[in-house]
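Data first, discussion second: the structure below is written as structure tokens.
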Amino acid sequence: MEKKLKIGITCYPTLGGSGVVATELGKLLAEKGHEVHFITHSMPFRLGKFDKNIFYHEVEVSDYYVFRYPPYDLSLASKLAQVAQMNQLDLLHVHYAIPHAVCALLAKQMAGGSLKVVTTLHGTDITVLGQDQSISNLIRYAINESDAVTAVSNNLIEETRSLLDISRPIDLAYNFIDKREYYPRDVQELRLEFARPDEKILIHISNFRPVKRVSDIVDIFAQVAKKIPSRLIFVGEGPELCKIIAKVKDLGLTEKVTFCGTQDDVAQILSLADVNLLPSEKESFGLVALEAMACGVPTVASNAGGIPELITHGESGYLAEVGDTETMANYTLKLLTDRELYARMVEACQYRARFTFCNDLIRKQYEEIYYRVLGREMPEEMKLEEPIC
Ligand code: GMT
């Protein structure tokens, strides 16, 4: 029997941490010799260079005139079944429950054989959509029928159990970073284009959705900028952006704030910053805080969702209650004015990011889950392999 696996991966390819995690995982699995087929509506934005083990299948949606809404979900299910059959896939690993897990279950029925479905829950598929009565029964169905379900934090596992009344086993597989990409970059010259040498830089990266509470960032920054020379960089786009631009203007902060829009090279831009801010209302994990930690940038965040599983308060960042911008500003000031504390925290961040959320470690956890659902023994050499962190 083939030792390596044939895996189909579906995710939201163009935005968000779930797409990043899915794409990076696919790349790591391909590096290990597995055959990985991405099945998405467009090329995943982090896919990068050619690899002989990576395939990309685009989902095309019929726009026949009788359809009021183009049926993306059905096109995806159909494509998943086709790709699975043609390439004799062992399993489909879908990221984000809706609609991906439901489509994969339909594809499993269509493809027949022994195709398995692994679903990874990422956050708002449970914490927001799971509360929507019009769709929660479908999410519950998708979770219960998947062959394995993983979640990106213990908090998300608990939320899934309580919000959707789920009792089946759910595996924990944290978000991870690739240390080959996320490390403190040398950005001394570039930094001068954003701030004077005496100024500190705060950063926020997100999809500007209400759940991120981006408005709190402006309040935190306004308090910090009153006390020490500083700048704020916003990266990303989304529904709240216009409101934030207006708030920055109203508070007279326009000169000190840069809106960079969406950026590809996140590690480079993070390396410019002294402190990362993440005051979210909900956050199942907070991948961006992990990316910042790996780049040597501590985060001041809300004590929400899975964030405390990533950031140890006082050691690898600071946490305050959701909406408490005064405490968040005070922690930011503390970090920016105490050199020794800052150096200690930078070191703790890098260590934690590298060894607890190591890509090789988490990739192996996913492989173990794959072999388990397939009812196959993991090859001995893979079992014995020590993760390189
Ligand atoms: O749920 C979202 O807002 C989008 C989603 C995504 O696709 O980025 O984010 C979630 O998944 C990330 C990757 O697992 C997590 O790091 C984020 O914390 C999580 N977002 C929320 O829970 C709000």
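The table below lists the values:
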{"read-out": "Qualifying residue in the range 93-105 (condition: in a helix (DSSP H, G or I) and surrounded by fewer than 16 Cβ atoms within 10 Å (Cβ to Cβ))", "value": "no"}
{"read-out": "Number of positions in the range 282-317 that are more than 15 Å from the ligand (Cβ to nearest atom) and surrounded by fewer than 22 Cβ atoms within 10 Å (Cβ to Cβ)", "value": "5"}
{"read-out": "In the range 210-225, the residues that are away from the ligand (no atom under 15 Å from the Cβ) and surrounded by fewer than 20 Cβ atoms within 10 Å (Cβ to Cβ)", "value": "Ser215, Asp219, Ala222, Gln223"}
{"read-out": "Qualifying positions in the range 13-27 - outside any helix (DSSP H, G or I) and either touching a Cys at 6+ places or on another chain (Cβ under 8 Å) or buried (at least 19 other Cβ atoms within 10 Å of the Cβ) (or both)", "value": "Pro13"}
{"read-out": "Scope the range 106-151; condition within 11 Å of the ligand (Cβ to nearest atom), in a helix (DSSP H, G or I) and β-branched (Val, Ile, Thr); matching residues", "value": "Thr124, Ile126, Thr127"}
{"read-out": "Any hit, the range 369-381, residues being in contact with a helix residue (DSSP H, G or I) (Cβ under 6 Å, 6 or more places away or on another chain) and either over 30 Å from Ile7 (Cβ atoms) or small (Gly, Ala, Ser) (or both)", "value": "no"}
{"read-out": "Options Ile228, Ile205: the member that is in contact (Cβ under 8 Å) with a residue 24 or more places away in the chain, surrounded by 13 or more Cβ atoms within 10 Å (Cβ to Cβ) and under 24 Å from Ala304 (Cβ atoms)", "value": "Ile205"}
{"read-out": "Scope the range 251-269; condition of a type in the set (A, V, I, L, M) and more than 15 Å from the ligand (Cβ to nearest atom); matching residues", "value": "Leu251, Leu253, Val257, Ala267, Ile269"}
{"read-out": "Residues that are under 30 Å from Ala301 (Cβ atoms) and modelled with pLDDT under 95, drawn from the range 356-387", "value": "Pro387"}
{"read-out": "Residue check, Leu241 more than 26 Å from Ile311 (Cα to Cα) and in the same structural domain as Leu336 (by TED's automatic domain parsing)", "value": "yes"}
{"read-out": "Residue selected from the range 32-74 under the condition of a type in the set (Val, Ile, Thr) and under 19 Å from Val102 (Cβ atoms), by the criterion farthest from the chain's Cα centre (by Cα)", "value": "Val61"}
{"read-out": "Residue match in the range 38-48 (condition: among the charged types (D, E, K, R) and at pLDDT 95 or above)", "value": "no"}
{"read-out": "Yes/no for Lys3 being away from the ligand (no atom under 12 Å from the Cβ) and touching a strand residue (DSSP E or B) at 6+ places or on another chain (Cβ under 9 Å)", "value": "no"}
{"read-out": "Test result for Lys364, surrounded by 14 or more Cβ atoms within 10 Å (Cβ to Cβ) and of a type in the set (Lys, Arg)", "value": "yes"}
{"read-out": "Counted residues, the range 28-40 - those being assigned to a helix (DSSP H, G or I) and buried (at least 24 other Cβ atoms within 10 Å of the Cβ)", "value": "0"}
{"read-out": "Where Val20 falls short, out of the listed (1) over 21 Å from Ser78 (Cα atoms); (2) in contact with a strand residue (DSSP E or B) (Cβ under 9 Å, 6 or more places away or on another chain); (3) within 16 Å of the ligand (Cβ to nearest atom); (4) touching a residue at least 60 places away in the same chain (Cβ under 8 Å)", "value": "(2)"}
{"read-out": "Residue in the range 337-344 that is assigned to a loop (DSSP other than H, G, I, E, B), over 25 Å from Cys242 (Cβ atoms) and of a type in the set (Val, Ile, Thr) present", "value": "no"}
{"read-out": "Flag if Ala101 is under 23 Å from the mean Cα position of the chain (by Cα) and not charged (D, E, K, R)", "value": "yes"}
{"read-out": "Yes/no for Lys108 being of a type in the set (D, E, K, R) and surrounded by 23 or more Cβ atoms within 10 Å (Cβ to Cβ)", "value": "yes"}
{"read-out": "Matching residues in the range 42-99 - criterion: being more than 16 Å from the ligand (Cβ to nearest atom) and of a type in the set (D, E, K, R)", "value": "Lys49, Asp51, Lys52, Glu58, Glu60, Asp63, Arg68, Asp73, Lys79, Asp90"}
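The values are calculated or read from the model by the stated rules, or taken from the named source; none is laboratory data. All of these numbers come straight from a predicted model, not from anything done at the bench. Don't worry about glycine lacking a Cβ; one is built from the backbone with ideal geometry, like all the others, and counts go over all protein chains shown.
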